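Scroll down for the structure; my scribbles are underneath it.
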Amino acid sequence: MDIDTVRTAASDEAAERRREQRGWYFYDWACSVYSTSVLTVFLGPYLTSVAKRAADADGYVHPLGIPVRAGSFFAYSVSLSVIVAVLVMPLVGAAADRTGRKKPLLGAAAYVGAAATTAMFFLGGDRYLLGGVLLIVANAAQSVAMMLYNSYLPQIAPPEERDAVSSRGWAFGYAAGSLVLVVNLVLYLAHDSFGVSESTAVRICLASAGLWWGGFTLVPLLRLRDRPTAAAGKAAARPDGTEGTARTAPGLRQLAATVRDMRRHPLTLAFLLAYLIYNDGIQTVISQASVYGSEELGLSQSTLIGAVLLVQVLAVAGALGMGRLARTYGAQRTILGSLVAWTLTLGAGYFLPAGAPVGFFLLAAAIGLVLGGSQALSRSLFSHLVPPGKEAEYFSAYEMSDRGMSWLGPLLFGVTYQLTGSYRDAIISLVVFFVVGFLLLVRVPVGQAIRDAGNPLPERI
């Protein structure tokens, strides 16, 4: 083969890789509107108000006969959605690695979540149970889809590109969140001019996120491609002639099998433990910040939307900026710095006086600058620690915290509020996740972890 042929083949391969990467970015563009408009801005305060309308004289609702303070219902629903995801993700991840057919599974999960989100248009009156069910379905489906989406990263980007590709993906997501949130803000603030009530405007915003999610998911489904995996052959024919139990194993058994496999890579498991803890805090802050702002600080919905919009805009710059910092200081050091910033931000939030929108906007700006980078660099760093052929299975464990292994965070937030009646106590309780996560992450020798996983060591980590 002559040198010109080799160069042409390499050029074609690079062009195909960039095309696939651009398609990959668009799933973040599609689904991040759910995280922003639904989970972060509208659904928390709105579902809480619906639950309060259904509450008894003591402020409790009774799903399945269980007394739950109305103000805690949203947090508990988020926690339950993650329990559902924990049962489903290991099965889907193992199936994806075994068959190599990630794309159909990604499409199925995305459209289940988009349909549940669109159905939130019918959440009115005192239908808090409907809201809880739709939240559980949408959030669990989002977790499954994101697990599959993340598992593409090692396949579409070589080691030296992953920090940049991961950061661009998050930037795309935050840009979409900003764009749709501007439209939401116009509709919400001028709902009278559009001839709809405030409640109807919120429900339209919720449903539009589902339509956006479903529509733009078509782009990655057209551009991403499935790849045959070594795991497919192993699953088809084991030495003893059996197919193994992963095909029919319940979710918890498959999760246990994944964890047992991870024990052969203890440094990967150590990083994942640190990530599970600090990202639990990040996800809980994201999902509960609007409730804290509305219920404890007495801020208006328009103020909350404006603050979240500020987060989205600055998160685009933050994700790209922290990606560049990682080129100089390494991803691990950059993440550690962001955890210090998260801790200081929560401490400031605890002392923020009620009715102080300027202070709330300053906190939002601080969060925006570290939010995208914390998540993007964690994703790219973990991708180096995954053994080849185990991407979806390992990312199923990873996704249990990303956007929601936050079952412990919302649970702690909800229980703290239930016991104290103070959202300030609930928000400051989340500091423990960032402190413990920092202490665990700083002890992980990332270079050795990458070598132990059988992956090439990038120039800077």
**Request:** Write down the Å³ per residue value for the convex hull defined by the alpha carbon atoms of the stretch 128-206.
**Result:** 94
**Item:** Theoretical FRET efficiency, 1/(1+(r/R0)^6), r = Cβ-Cβ of ARG324 and SER199, R0 30 Å, to 0.05
**Value:** 0.10
**Prompt:** Considering only protein heavy atoms, what is the solvent-accessible area of GLU160 at a probe of 1.4 Å, reported in Å² to the nearest 10?
**Reply:** 140
**Prompt:** How far, in degrees from 0 to 90, does helix 408-420 lean away from the longest principal axis of the Cα atoms of the chain, to the nearest 10?
**Reply:** 20
**Asked** Quick one: Karplus J couplings for the stretch 372-383, per residue in order, coefficients 6.51, -1.76, 1.60, θ = phi - 60°, nearest Hz, x for Gly and Pro?
**Response** x, x, 4, 6, 5, 6, 5, 5, 5, 5, 5, 4
**Message:** For the full complex of protein chains and a 1.4 angstrom probe, list ILE335, ILE277 by accessible area with the highest value first.
**Reply:** ILE277, ILE335
**Item:** Proximal lysine pairs, the chain, alpha carbons under 26 Å, eight or more residues apart or interchain
**Value:** 5
**Request:** For the chain, find the longest principal axis of its Cα atoms and tell me its angle to the long axis of helix 301-329, 0 to 90°, nearest 10.
**Result:** 30
**Request:** Taking Rg and Dmax of the Cα atoms in Å as the quantity of interest, determine which of (i) 23.3, 80; (ii) 22.5, 75; (iii) 21.8, 82 was computed from the displayed structure.
**Result:** (iii)
**Message:** Within 10 Å of each candidate Cβ there may be at most 14 other Cβ atoms; applying that plus a DSSP loop requirement, which trypsin sites (Lys or Arg not before Pro) in the stretch 145-226 survive?
**Reply:** ARG225
**Item:** Rounded tilt (10° steps) of 198-216 against the dominant C-alpha axis of the chain
**Value:** 10
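The values are calculated or read from the model by the stated rules, or taken from the named source; none is laboratory data. The structure displayed is predicted, hence computed values, not measured ones. When we count neighbours, we look across all protein chains shown, and the Cβ atoms used for this are built from the backbone with ideal geometry, even at glycine. Each accessible area value is taken on the protein alone, full model and side chains, heavy atoms only, with ligands, DNA and RNA left out. Shrake-Rupley method; radii C 1.70, N 1.55, O 1.52, S 1.80 Å.
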